[in-house]
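Each value in this text was obtained by applying a stated rule to the coordinates, not by laboratory testing. In this text, all values refer to a predicted model and were calculated from it rather than measured experimentally. Note that we place each Cβ from the backbone using ideal geometry, even for glycine, and neighbour counts take in every protein chain shown.
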Amino acid sequence: MKIKAVPGIIALLLFWGTAYAQDDTIGNVRLFQSFFEDAHITPEPYLDGEFDYSYYDNNLEADYYTFALRAGLPLNPKTELHFRLGVATLDPDGASSETSITDFYVGGRHLLIDRETKVSAGGYVTIPVGKEEAWQDNFDAGIYSALRHPLDRGIVLTGTIGLMYTEKYDFITNNDHEATLRIGAGAIYEYTDDVHFVGEAVMESRHDYMLLTGGIDYSIDRKSSLRAALGVGVDNAAPDLRAMLSYFFMF
């Protein structure tokens with residue numbers, strides 16, 4: 001029931017926002033859960049140093065840590081390539097931990113509509129170079145579309161919808177090689193010129209996954225920012241708790 005309500009929430013927010021539209025989509029602030037699946041095209045090459053911690057307590061008690069670098073390279077003002085690579089550690093309760101290089105993410109997106117509302121489309125694949133014991137060694141591929149729509153009073157609505165083919169390890173059903181629909185909705189609020197709050201809800205249809213996150217983006221200067229967010233899992237397949245930290249900077 002919760003998952004079925006998300007598309008309606010997105011549509012309602014976008015309909016409501018048309019009466020209060022402005023021009024700024026706050027492109028200097030990135031999303032947390034949908035970091036790559038976003039509408040904004042970054043004008044300069046960038047790096048993002050990411051730390052991600054998740055705690056699972058559904059059928060398997062485990063801590064999961066990821067340290068990774070995310071990178072973006074604009075090919076032109078409307079097209080951007082993405083890369084991600086790092087190290088992951090799975091630490092299950094009552095068993096030995098496993099550490100592995102993460103699978104290599106390669107993707108990109110193109111800005112389709114560059115008006116008051118910005119709409120992009122993109123896709124990605126992950127190259128399986130990690131260890132299965134650390135929930136890596138997965139070939140994933142996906143396509144998506146994303147938008148940003150500005151409202152009055154420094155608020156921007158975000159949304160994404162995509163179809164993913166995934167081999168992710170599923171400790172609940174132990175299924176793989178499945179397609180899943182991914183839907184995300186969120187909002188960015190400009191508290192000051194340097195401080196922005198980011199709220200997101202992301203669901204995946206594969207097995208009742210939904211994660212709610214709230215975070216803060218603090219701009220150090222025009223090209224760099226510190227970012228932090230906390231997330232709470234709503235459905236069984238999501239982590240019970242997720243913490244995200246990153247340092248973003250453009251060259």
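Each of Met244, Met250, Met203 was scored by other Cβ atoms within 10 Å of its Cβ. Listed from fewest to most, they are Met250, Met244, Met203. Excluding Ser225 itself, calculate the net charge of residues whose Cβ lies under 10 Å from the Cβ of Ser225, where each Lys or Arg counts +1 and each Asp or Glu counts -1. Overall, the nearby charge balance is 0.
Maximal additional length on extending the Leu163-Ile143 stretch stands at 6.6 nm, based on 0.36 nm per residue less the C-alpha distance.
With each label modelled as a point 7 angstrom along the Cα→C-beta vector, the Asp114-Leu230 pair spans 4.0 nm. For the chain, the longest principal axis of the C-alpha atoms and the axis of helix 2-17 are separated by about 10°.
The residues packed around Phe248, meaning those with a beta-carbon under 10 Å from its beta-carbon, carry a net charge of +1 if Lys and Arg are +1 and Asp and Glu are -1. Exposure proxy ranking for Asp52, Asp93, based on other Cβ atoms within 10 angstrom of each Cβ and starting from the fewest, stands as Asp93, Asp52. Summing Lys and Arg as +1 and Asp and Glu as -1 over all other residues whose Cβ lies under 13 Å from the Cβ of Val119 gives a net charge of +1.
Is it possible to state the helix-based mean residue ellipticity at 222 nm for the chain, with each DSSP H run of 4+ residues giving -39500 (n - 2.57), the sum divided by total residues, to the nearest 500 deg cm²/dmol? What is it?
Values: 1 runs with 16 residues, N = 251.
Rounded to the nearest 500, the figure is -2000 deg cm²/dmol.
Quick one: Cα convex hull volume of the range 2-250, Å³ per residue?
Details: hull volume 26.8 nm³, N = 249.
Convex hull of Cα atoms, per residue: 108 Å³.
For the chain, the Cβ-based charge dipole about the Cα centre amounts to some 900 debye (Lys, Arg positive; Asp, Glu negative; other atoms uncharged).
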